[in-house]
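Below: one structure, written as structure tokens.
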Amino acid sequence: MENDYVDKRILTPQTYYENPEHVLADARLTHDEKRRVLRSMKTDAELLSRATAESMDGGKRPNLQAIEIALQDLEQNKGA
């Protein structure tokens, strides 16, 4: 089972990271853990975007495009 550090960041990434680049820079996370955190951020961003479109704005809007770019960077640098 994963440690508490990782679990918390996957469940509520916005609590720990201001932006996707901070996830990529987190040396305590493995490649797979970073991917999971970024995917969690992406899901949160999509849900917030959908809620906003339905006039149920719920706070700070994450940048979905920045999350997508971070996921692409992570995959391109997998072997690095």
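Let me check something: with ligands and nucleic acids excluded, how do ILE69, ILE10 order by accessible area (1.4 Å probe), largest to smallest? Working shown, then result.
On the way: ILE69 80, ILE10 30 Å².
Ranked list, largest accessible area first: ILE69, ILE10.
For the full complex of protein chains and a 1.4 angstrom probe, list HIS31, HIS22 by accessible area with the highest value first.
Listed by decreasing accessible area, they come as HIS22, HIS31.
The values are calculated or read from the model by the stated rules, or taken from the named source; none is laboratory data. Everything numeric here is computed off the predicted structure, so don't read it as measured data. Please note that ligands, DNA and RNA were not included when accessible areas were found on the heavy atoms of the full protein model with its side chains. Shrake-Rupley method; radii C 1.70, N 1.55, O 1.52, S 1.80 Å.
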